[in-house]
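Worksheet: the structure to be examined is printed underneath.
The values are calculated or read from the model by the stated rules, or taken from the named source; none is laboratory data. No experiment lies behind these values; they were computed from the predicted model shown. Note that each Cβ is placed from the backbone with ideal geometry, even for glycine, and that neighbours are counted across all protein chains shown.
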Amino acid sequence: MKIGIVGSGNVGGTLGARWARNGHEVFFAVRGEPSAQVREVLSIAKTGTAAEAAAASEVILLATPWEATQEAIASAGDLTGKILIDATNPLLPAFAGFTTPQGSSGGEQVAQWARGAKVVKALNTVGFNIMADPKFEAGTVAMFYCGDDAAARKPLRR
C-alpha cells in the first residue's frame with residue numbers, strides 16, 4: 001500500500017517506519033530535518049512536501065500536533081477521495097482539556113478541514129512507545145477506529 005505520513009514525529013515516524021519495514025511504500029512529509037525514526041528508513045522510504053506525500057499515496061496518516069493540524073491539511077493539497085487516517089488529539093496545552101466545541105470532536109473538525117477526504121479516526125488512543133513494540137502478555141488487543149465510509153475503514157483492519 002502507498003502511505004503518506006503528514007506529521008513525522010513520534011507517532012507518524014514510528015508508524016511510518018514500521019510500515020516501511022513491512023513492505024509498504026511510505027512517503028514522509030517533512031518540513032525540516034527528518035526525525036530519528038524517519039532517518040532510520042530513508043533507504044526504503046521517500047521524503048518531500050505534504051502535497052507530494054498526499055499526491056503519491058492511497059492512504060494518508062495525519063499525525064500532527066493539534067495546533068498544526070489545520071495548516072498541515074491545507075498544505076497537503078486536494079485530498080478528495082483519499083483515505084485520511086486522523087491520529088490527532090484536539091488537546092489544549094498541558095492536557096488541560098479539549099479545543100473542540102462541546103458536542104463536536106477532533107475527527108469532525110478534521111473532516112471539515114479535509115473536505116472530500118474519507119476521514120477515519122484511529123491510532124490516537126495509544127502512545128507511540130506501544131506502537132513501536134506492540135507486545136502484550138494477554139495476547140491480542142483491540143484498536144478502535146471509526147469513520148462513515150466502510151471502504152475507507154478497511155485498511156485499518158490489517
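Observations
- Contact annotation: residue pairs with Cβ atoms under 7 Å, 6 or more positions apart or on different chains, pairing a residue in region 26-39 that is touching a residue at least 40 places away in the same chain (Cβ under 8 Å) with a partner that is in a helix (DSSP H, G or I), are Ala29/Ala50; Ala29/Ala53.
- Single unsatisfied condition, Gly97 versus (1) modelled with pLDDT under 95; (2) buried (at least 16 other Cβ atoms within 10 Å of the Cβ); (3) not aromatic (Phe, Trp, Tyr): (2)
- Per-region count, region 73-94, residues over 18 Å from Ile3 (Cβ atoms), of a type in the set (A, V, I, L, M) and either under 14 Å from the mean Cα position of the chain (by Cα) or modelled with pLDDT under 95 (or both): 3
- When region 30-83 is filtered for residues that are in a helix (DSSP H, G or I), hydroxyl-bearing (Ser, Thr, Tyr) and surrounded by fewer than 23 Cβ atoms within 10 Å (Cβ to Cβ), only Ser75 remains.
- Restricted to region 89-158, the set of helices (runs of 4 or more DSSP H) holding at least 1 residues that are in contact with an Asp or Glu (Cβ under 9 Å, 6 or more places away or on another chain) and farther than 30 Å from Arg21 by Cβ comprises 106-113.
- Filter result for Ala132 (of a type in the set (A, V, I, L, M), buried (at least 16 other Cβ atoms within 10 Å of the Cβ) and more than 13 Å from the chain's Cα centre (by Cα)): no
- Odd one out for Thr47, checked against (1) closer than 26 Å to Arg153 by Cβ; (2) in contact with a helix residue (DSSP H, G or I) (Cβ under 8 Å, 6 or more places away or on another chain); (3) modelled with pLDDT under 95: (1)
- Residue among Gly147, Gly116 that is of a type in the set (Gly, Ala, Ser), closer than 16 Å to Arg157 by Cα and in contact (Cβ under 8 Å) with a residue 12 or more places away in the chain: Gly147
- Tally, over region 1-44, of residues that are among the hydrophobic types (A, V, I, L, M, F, W, C), at pLDDT 95 or above and in contact with a Leu (Cβ under 8 Å, 6 or more places away or on another chain): 3
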